[in-house]
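Here the structure comes first, spelled out in structure tokens, and everything after it is commentary.
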Amino acid sequence: MRVPTVDGVEIEVHDLGGEGPPVLMCHATGFHGRVWEPLASHLPDFHCWAMDMRAHGDSTTPVDRPLEWYGFADDVLCVVDALGLDRPYGVGHSKGGAALLLAEQARPGTFRSLWLYEPVVVPEPVAPTADNPLSAGARRRRATFASRDEAYANYASKPPFSSLHPEVLRRYVDHGFADLPDGSVTLKCAPGDESEVYAHGLSHGAFAALGDVHCRTTIAVGRVDVPPAVFAAPVAGALADGRLESFADLGHFGPLEDPARMAAAIIDAFTGID
């Protein structure tokens, strides 16, 4: 399903199945919505939807707007409206978590409850810069492989992608690459676009308005050693109804590393929410 946004971007939305109240799932930078499929399979009592955010997966890239993060919040709200979702639950990872917070701040009451794994929200925003290590690394990312199997083998052999659950990595590769005329495959999320997303990652102002987010929000965190994990406790503390949940044996890719365990945590977080 394709959803038009306020600035002409078209967002691809995936129905991941299940029966029950709706859950909208938002992915991290560089990924796409279908990496949530293994986790969603453990949520049969929810109707799970996932979206490819702008410049990711099968969604389009804005022509006249930079890849700043308020655009991802616009994507979220346009998908909620297009699907007719009535106070859905929201599940987000990294950038996806920040996008859900920004969307709820822009339109309070949109979400019934949020579960966010290490959302990229910093206490003091900084000006956009392409000089940060994540932006520089993304620009150097290898984009093209001879086949999807070659890409899978490459990612599975070294961190950080080697930590992904095999079913998640398979979906990332199968749906995150486009076919080229010569039979090779190339990343749908272009390295230049990924770099630009990272360049804007610390410049949004979600932290200052966390008190305006009144729905119950769980901030899940893995090993607390580097950003954005180090900001999880301050984010949870600044929310009007926040709680912190720790998974000290997982890294920043927690929902993609252990989908079944994270699904159980999501069920627990959403149980009893009216």
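Remarks
- Residue within the range 185-194 that is in contact with a Phe, Trp or Tyr (Cβ under 9 Å, 6 or more places away or on another chain), among the charged types (D, E, K, R) and either at pLDDT 95 or above or part of a helix (DSSP H, G or I) (or both) present: yes
- Residue match in the range 23-31 (condition: at pLDDT 95 or above, closer than 19 Å to ALA98 by Cα, buried (at least 22 other Cβ atoms within 10 Å of the Cβ) and more than 13 Å from the chain's Cα centre (by Cα)): yes
- Among residues of the range 72-91 that are over 17 Å from GLY8 (Cα atoms) and among the charged types (D, E, K, R), those with a beta-carbon under 8 Å from a residue that is at pLDDT 95 or above and in a loop (DSSP other than H, G, I, E, B) at least six positions away or on a different chain give the pairs ARG87/GLY109; ARG87/THR110; ARG87/PHE111; ARG87/ARG112.
- Restricting the range 125-146 to residues that are at pLDDT 85 or above and touching a helix residue (DSSP H, G or I) at 6+ places or on another chain (Cβ under 6 Å), the residue that is farthest from ARG65 (Cα to Cα): PHE145
- Check on CYS78, within 30 Å of PRO123 (Cβ to Cβ) and more than 10 Å from the chain's Cα centre (by Cα): yes
- Cβ-Cβ distances below 7 Å connect the following pairs, each with a first residue in the range 159-177 that is at pLDDT below 95, a second residue that is surrounded by 21 or more Cβ atoms within 10 Å (Cβ to Cβ), and a separation of six or more residues or different chains: PRO160/PHE253.
- Among all positions in the range 174-197, there is at least one residue which is surrounded by 21 or more Cβ atoms within 10 Å (Cβ to Cβ), touching a Leu at 6+ places or on another chain (Cβ under 7 Å) and aliphatic (A, V, I, L, M).
- Selection status of SER203, touching a residue at least 12 places away in the same chain (Cβ under 8 Å), surrounded by 21 or more Cβ atoms within 10 Å (Cβ to Cβ) and not in a strand (DSSP E or B): no
- Odd one out for ASP15, checked against (1) surrounded by fewer than 24 Cβ atoms within 10 Å (Cβ to Cβ); (2) outside any strand (DSSP E or B); (3) over 14 Å from the mean Cα position of the chain (by Cα); (4) at negative phi: (2)
- Tally, over the range 42-62, of residues that are out of contact with any Gly (no Cβ under 6 Å at 6 or more places or on another chain), touching a residue at least 40 places away in the same chain (Cβ under 8 Å) and over 19 Å from PRO191 (Cβ atoms): 1
- Those residues of the range 180-210 which are under 16 Å from the mean Cα position of the chain (by Cα) and among the aromatic types (Phe, Trp, Tyr), in sequence order: TYR198
The values are calculated or read from the model by the stated rules, or taken from the named source; none is laboratory data. Everything numeric in this text was worked out from a predicted model, so none of it was measured. Here the Cβ is made from the backbone with ideal geometry for all residues, glycine too, and neighbour counts use every protein chain on show.
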